[in-house]
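Read through the structure below, which is laid out as structure tokens, and then see the notes.
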């Protein structure tokens, strides 16, 4: 499915289905975009700006062809004046037989409109351009912790790569995964969190889940620990109002066959360690030794927490950690035993007090 909810004005202006709807609306396209706006009201301003720019470019038939000199004059005019936002995009008159010239003129006009839009929105464009992406590649034999600027965490498994922006600008938080990772997403209802993994997209607001999507595997998988997750394939037909997607709840998984583009949903026979009904019991400790607590965390998150077991392993702790994300669990443990913690280099370390 085409992820229109992530589109900016420039993306809409390059989308054939969107342009066809603006210039030649039909009953089906009107129904699609009306339904899309109902589900994505926050994207209406972006869509309307793109629609206005596309609508401003018109072609009117007349009784003669454009001469080569006239086409050259139009091109020169755009080159000289295309950056001036006070000048409107020109309306060009051509004959129906002069379609070669028409194609060239329309291309120039679209370019001019795009340049004008970029000038008007220069601050927005610069903020997006300057937002660097961070790429974390895990070539080790142990999982690696990744902490993002919004407070979300990812436990990146071996042979996996995660790419994410240094700052989550815009109306959504987009990350790109090749391989396998466990995510604990900081809740933000106004900014959905989307994991793009090969041909599959996983959308959440704030929850914990695992995505497995290696390029050399025929099937990808999403498993939910807590919260709700929406999974859909971006190769599905993009212009169906009710395009198929799968909603997952805790202890459910979906398998995506990317060759046949089929999503299969199942319920896990054994509840996950981090699911609420299990975590409430498994992560409530009463005078438990630190070695037991660390072992439980290592098992649940598929990580390896570094600590001095000889010196700290027998210290005891009474606490409920079930509702806390991983980094907060570790911080609370360290506070209780008067130790320091470190999250540098993709590792979690508990330092001796």
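None of the figures in this text is laboratory data; all of them are computed from the coordinates on show. What you are looking at is a predicted structure, and each value in this text was computed from that prediction instead of being measured. Quick reminder, even Gly has a Cβ in these numbers, built from the backbone with ideal geometry, and neighbours come from all protein chains shown.
If you take the square roots of the eigenvalues of the alpha-carbon gyration tensor of the stretch 154-264 and sort them as a ≥ b ≥ c, do you get rounded (a/c under 1.5), prolate (a/b over b/c) or oblate?
Numbers: a/c = 1.37, a/b = 1.14, b/c = 1.20.
Verdict is rounded for the stretch 154-264.
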- Item | Estimated translational D of the stretch 262-308 in µm²/s (Stokes, Kirkwood radius over Cα pairs; 37 °C; 0.692 mPa s) | 262 µm²/s
- Length added when fully stretched, residue 269-residue 147, from 0.36 nm per residue minus Cα-Cα: 40.8 nm
- Message: Need one number: nm distance between label points at residue 218 and residue 306, each 7 Å from Cα along Cα→Cβ, rounded to one decimal.
- Response: 4.1 nm
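Please report 161, 224, 262 as a ranked list, fewest other C-beta atoms within 10 angstrom at the top and most at the bottom.
Values: 161 15, 224 26, 262 12.
Result, fewest neighbours first: 262, 161, 224.
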- Query: What is the extension gain from residue 314 to residue 249, computed as 0.36 nm multiplied by their sequence separation minus the C-alpha to C-alpha distance, in nm to one decimal?
  - Reply: 19.7 nm
- Query: Principal axis lengths of the stretch 1-45 from Cα atoms, whole Å, largest first?
  - Reply: 23, 22, 21
- Item | As computed over the stretch 276-351, the Cα convex hull volume per residue (Å³) | 79 Å³
- Ranked on Cβ counts within 10 Å of their own Cβ, fewest leading, 230, 38 go 38, 230
